[in-house]
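Step one of this worksheet: look at the structure below.
The values are calculated or read from the model by the stated rules, or taken from the named source; none is laboratory data. These numbers were taken from a predicted model, which means no experiment stands behind them. Please note: Cβ atoms are built from the backbone with ideal geometry, for glycine as well, and neighbour counts cover all protein chains shown.
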Amino acid sequence: MSCCCDNYNGLHFISQDHAYLELIDPKTKDTLKIIDGAIGTIAYTSLDWEAGPILRYDMGDVTQVFTSPCTCGLTGFRFKILGRSDDMLIVKGINVYPAAVRNVVTEFFPRTTGEIRIILDQPGPKVPAPLHVKAEHGKEEKDLPKLKSDIEARIHDVLRFKAEVEIVSEGALERTTTKSKLIEKRFEKRG
Ligand SMILES: [Zn+2]
């Protein structure tokens, strides 16, 4: 259920009596702690559906959960869906979701446009560090080396992996009309 706050805080999970939700690691299926900002996929177990049991059904949607109190007064955790687990990369043992990288870069708006591309030279999901991320700078941004190091530091603080950020000019990354493409697979082009 969507939150009615002016300041959008994610969706409220309100059916605790009907479904048991777990945050899980999409690769190992281990249960993760539901702590503020944690990211995983949601596994769903129906508690009262009579037609047939649904047990730990992993919906494959990468979800970030929030446990801080919401200004609207509803209790329980909130969540935002970031993307699909099929897109997940693993950098030195850390699960990396392209949509989470984009969210970090978008925090820097208007210094960035929020548009990114993750460049892969080999097939995933395991890829070497540092991860090559292209990010567009905003029109007015002059200090590009500072922007690069600020984004790299923020990615390291928030997402716990090492990125090599390449700043490109506004509009340099191709826009797609369908689902935005966050990964560019260079190894496919060569073949
Ligand atoms: Zn709320």
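Applying the condition of being of a type outside the set (S, T, N, Q) and in a loop (DSSP other than H, G, I, E, B) to the stretch 70-79 and asking which residue is farthest from Gly10 (Cα to Cα) yields Gly73.
Let's see how each residue does on (1) over 20 Å from Pro123 (Cβ atoms); (2) modelled with pLDDT of 95 or more:
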{"position": "Lys146", "(1), (2)": "yes, yes"}
{"position": "Ala153", "(1), (2)": "yes, yes"}
{"position": "Leu159", "(1), (2)": "yes, no"}
{"position": "Val165", "(1), (2)": "yes, yes"}
{"position": "Ser169", "(1), (2)": "yes, yes"}
{"position": "Thr177", "(1), (2)": "yes, no"}
{"position": "Ser180", "(1), (2)": "yes, no"}
{"position": "Ile183", "(1), (2)": "no, no"}
{"position": "Phe187", "(1), (2)": "no, no"}
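Taking the criterion of being at pLDDT below 90 and crowded, with 16+ Cβ neighbours inside 10 Å, the only residue of the stretch 22-41 that qualifies is Pro26. Annotation: of all residues in the stretch 80-102 being buried (at least 19 other Cβ atoms within 10 Å of the Cβ) and part of a loop (DSSP other than H, G, I, E, B), the one that is farthest from the chain's Cα centre (by Cα) is Met88. Kindly evaluate Val105 against the criterion of being at pLDDT 95 or above, part of a helix (DSSP H, G or I) and under 23 Å from Val62 (Cα atoms). For Val105, the condition - at pLDDT 95 or above, part of a helix (DSSP H, G or I) and under 23 Å from Val62 (Cα atoms) - is met.
May I ask you to verify whether Val101 is touching a Ser or Thr at 6+ places or on another chain (Cβ under 6 Å), in the same structural domain as Val133 (by TED's automatic domain parsing) and not polar (S, T, N, Q)? Considered against the rule, which asks whether it is touching a Ser or Thr at 6+ places or on another chain (Cβ under 6 Å), in the same structural domain as Val133 (by TED's automatic domain parsing) and not polar (S, T, N, Q), Val101 comes out as no. The set of residues in the stretch 53-77 that are free of Cβ contacts under 8 Å to residues at least 12 places away in the same chain and either at positive phi or basic (Lys, Arg) (or both) contains only Gly73. If only residues of the stretch 136-177 that are more than 16 Å from the chain's Cα centre (by Cα) and among the aliphatic types (A, V, I, L, M) are counted, the one that is surrounded by the most Cβ atoms within 10 Å (Cβ to Cβ) is Val165.
In the set Thr112, Thr75, only one residue is over 13 Å from Thr41 (Cα atoms) and not assigned by TED's automatic domain parsing to the domain that holds Glu22; that residue is Thr112.
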